[in-house]
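Note sheet for the following structure.
Values in this text are rule-based calculations from the coordinates and carry no lab data. Since the structure is predicted, the reported quantities are computational estimates derived from the model, not experimental observations. Reconstructed Cβ throughout: ideal geometry from the backbone, glycine too, with neighbour counts over all protein chains shown.
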Amino acid sequence: MSKRSLTKHIVIHCSATRASQDIGVAEIAKWHTDKGWADVGYNFVIRRDGTIEEGRNLSASVDAFEEIGAHVANHNSQTLGICLVGGCNDKLQPQNNFTDKQWASLAALVGLCTRKFPDANVLGHRDIPGVAKACPSFEVKPWWVGVQANGEHGGQVIVKQRDGQLKTYPGVTVAAPGKVKATTVAPLALGGLHGKDQVEASYIQQEVVRRDAKLAAAAADTPPPSLPRAPGLENATGEELRAAYEAPVVSTPAPVVETPAAADPGAPPALA
């Protein structure tokens, strides 16, 4: 396969496997080659333990980040694909069941990809027009907004190559966790997002601010601040909060109160 001349999208996938299935590039490559494909379709695979594995490698002269994969029909020539292992429950239904180590590796890898391809969008497989799948079992765009807002995307990236050797890509300095302020998060989180994406970003923004305030209090050994949510949501779960943020705002018209008209001082007195 040839080298990509343009990278428009960094697409996140899942392997659609159970959390208990500890698989990687070797197993997925077999699935794909059994279908007649030349090699594994993804550029990178992130295992359950957070290990980042090099994916498609058909040309020694083409970097793994730039090789054309096979992961989004009709879009492969302009996209880079990253696959998280997991994404389904025991009944093989979509489930966001990725590990903390996978999230950390994904943030660092996507951060590196965006530095290599600064004009590329970060999205999920299901965000591609015409794709009728749940893959990768979570909302990618608001997740990435939250990662950027919290400064979690500049870490060192270690990739296990197909020959077993490790290749290290240095990290970069970004905003440190605990330094994000509401005034700086808002334009980053909501700018250019619309509809559900904006709702999710708004939710993430508020939760980032809440968490950072708690971290700052813990570091200063002071009691955690009181950050009340709206009435009825004090103990709400993440899904309940999202539902509340997504609920349409119903405006209730103010009641019309009729007041007697003031007497006209120039009118003649009423006759008894």
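Each of the peptides 42-48, 3-9, 166-172 was scored by the mean count of other Cβ atoms within 10 Å over its residues; in descending order, highest first, they stand as 42-48, 3-9, 166-172.
Each Lys and Arg Cβ is given +1 and each Asp and Glu Cβ -1; about its Cα centre, region 2-46 then shows a dipole of about 260 debye. Based on Cα atoms of region 1-174, Rg over Rh with Rh as the Kirkwood radius reads 0.93.
Dipole of region 1-174 computed with +1 at Lys/Arg Cβ and -1 at Asp/Glu Cβ about the Cα centre; of Gly24, Gln102, Phe138, farthest Cα towards the positive end is Phe138.
For region 1-174, with only Lys/Arg (+1) and Asp/Glu (-1) charged at the beta-carbon, what is the dipole magnitude about the Cα centre, in debye rounded to 20?
It comes to approximately 180 debye.
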